[in-house]
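Below: one structure, written as structure tokens.
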Amino acid sequence: MTQSLDTSWFTEVFDSQGSAFSLKVSEKLLDVTSAYQHLEVYATETYGNLMVLDGCVMLSERDNFLYHEMIAHPALFAHAAPKRVVIIGGGDCGTLREVLKHPGVEHVTQIDIDEEVTRAAERFFPALTASNGDPRAELKFADGVKWVDEADDASVDVVIIDSTDPVGPAEGLFKVDFLARCHRLLAEGGVMVQQSESPLYHSGSIIRELRRDMRAAGFESVATLPFPQPVYPSGWWSVTLAGKGTDVGRFREDDAATGDMACDYYTADAHRGALVLPPFMRRAFED
């Protein structure tokens, strides 16, 4: 049965692909415009609270674990022994929470340009910010590109680019010169990971170009891992890993299988399976 949507629904329209995603909402909880973007939070009937930036869904309480676990754990298990981690973006702090589940991590610096996102997460998504008080965590509200430029060479083991779509404040995070700066920042054996949009919509464009640019920036290996994400365009998302002197197509499988982390999606089997790309993605990357 076809039903038209009214104002009790939040809808994100993805014009270029002729698709849209809607959630039924009961209340708008927050509506602010920061120096960088328009931030809204809604209460929905079935997905808990929903965060929206510039009209685009960022996360919901119901399914954010998929994204946060897959942007954090594959990268950390692809590194031999990660101790120093940097998160560029990630203002909702869900990725920070996942990184801090790794007991070997000694220090995590999170740099997000927009403090309003973190303050909204503290109010409306407290489970995501529960680890902010961990003594290993350092939160900075600054320009991530500038921070990377000023950081010391070979000073980090893992760089996580937890950004919004490659427009507006996040556009520079997808450029080859920024990827080269991340390569400089990483110690030998280092790993970077970047959210890389929809496999269905972007394999032949954004993802393919990101993989090419990562290699142009000096990374020897790349790996794209798809995973489900209902609230994002197409319902399917991806992260792309790159290794400096290491093969990100391999990971510490025994540690991932025996670790005592409370995850709802990530497992060693899920990691292993995500590394096996469907034929249409392989073809898109080869063209």
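Quick rundown of the values:
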{"quantity": "C-alpha center-to-center spacing [segment 257-287, segment 23-68] in angstrom", "calculated": "27 Å"}
{"quantity": "Share of carbon and sulfur in the accessible heavy-atom surface of segment 166-287 [1.4 Å probe, %]", "calculated": "50 percent"}
{"quantity": "Long-range amide H partners of Thr224 with built H, under 5 Å", "calculated": "Leu241"}
{"quantity": "Cα gyration tensor shape of segment 1-118, rounded if a/c is under 1.5, else prolate or oblate by comparing a/b with b/c", "calculated": "prolate"}
{"quantity": "Over segment 86-126, volume per residue of the alpha carbon convex hull, in Å³", "calculated": "57 Å³"}
{"quantity": "Long-range HN-HN contacts of Thr44 with modeled amide H, under 5 Å", "calculated": "Ser26, Asn49, Leu50"}
{"quantity": "Cβ-placed point charges (K, R +1; D, E -1), dipole of segment 145-267 about Cα centre in debye, nearest 20", "calculated": "460 debye"}
{"quantity": "MRE, 222 nm, helices only [DSSP H, n ≥ 4, -39500 (n - 2.57), over the chain, to nearest 500]", "calculated": "-7500 deg cm²/dmol"}
{"quantity": "q = 0.20, 0.24 Å⁻¹, segment 193-232: log10 I(q)/I(0) [Debye, one scatterer per Cα]", "calculated": "-0.60, -0.81"}
{"quantity": "Whole-Hz couplings from phi, Karplus 6.51/-1.76/1.60, listed for segment 111-116; x for Gly and Pro", "calculated": "10, 10, 6, 10, 5, 4"}
{"quantity": "In segment 27-83, GluC sites (Glu not before Pro) in a DSSP loop with at most 13 other beta-carbon atoms within 10 Å", "calculated": "Glu45"}
{"quantity": "Overall Cα dimensions of segment 149-287 - principal axes, largest extent first, Å", "calculated": "36, 35, 28"}
{"quantity": "Under-29-angstrom lysine pairs by C-alpha in the chain, whenever the two are 8 or more apart or on separate chains", "calculated": "14"}
{"quantity": "Lys/Arg +1, Asp/Glu -1 at C-beta; the chain dipole; positive extreme among Ser163, Leu277, Ser196", "calculated": "Leu277"}
{"quantity": "Convex hull volume of the chain per residue (C-alpha atoms, cubic angstrom)", "calculated": "130 Å³"}
{"quantity": "Phi to ³J(HN,Hα) by Karplus 6.51 cos²θ - 1.76 cosθ + 1.60 over segment 61-77, Hz, x for Gly, Pro", "calculated": "5, 6, 10, 5, 4, 4, 5, 5, 5, 7, 7, 9, 5, x, 5, 6, 7"}
{"quantity": "R0 of 25 Å, Cβ-Cβ distance Asp153-Arg250: FRET efficiency to nearest 0.05", "calculated": "0.50"}
{"quantity": "Solvent accessible area, Å² - Tyr201, 1.4 Å probe, full protein context", "calculated": "40 Å²"}
{"quantity": "Rg(Cα)/(2.2 N^0.38 Å) for segment 45-201, N = residue count", "calculated": "0.98"}
{"quantity": "Per-residue ³J(HN,Hα) for segment 24-41, Karplus 6.51 cos²θ - 1.76 cosθ + 1.60, θ = phi - 60°, Hz, x for Gly and Pro", "calculated": "6, 10, 10, 6, 8, 8, 7, 8, 9, 10, 7, 5, 10, 6, 9, 10, 10, 10"}
{"quantity": "Area accessible to solvent at Lys28, 1.4 Å probe radius, in Å²", "calculated": "90 Å²"}
{"quantity": "Amide H contacts under 5 Å for Met58, placed H, 5+ residues apart", "calculated": "Met51, Val52, Leu53"}
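The values are calculated or read from the model by the stated rules, or taken from the named source; none is laboratory data. Being a predicted model, the structure only gives us computed values, none of them experimental. With ideal geometry, Cβ positions are generated from the backbone for all residues, glycine too; neighbour counts draw on all protein chains shown. Side chains are part of the model used for accessible areas, which takes the heavy atoms of the whole protein and leaves out ligands, DNA and RNA. Shrake-Rupley method; radii C 1.70, N 1.55, O 1.52, S 1.80 Å.
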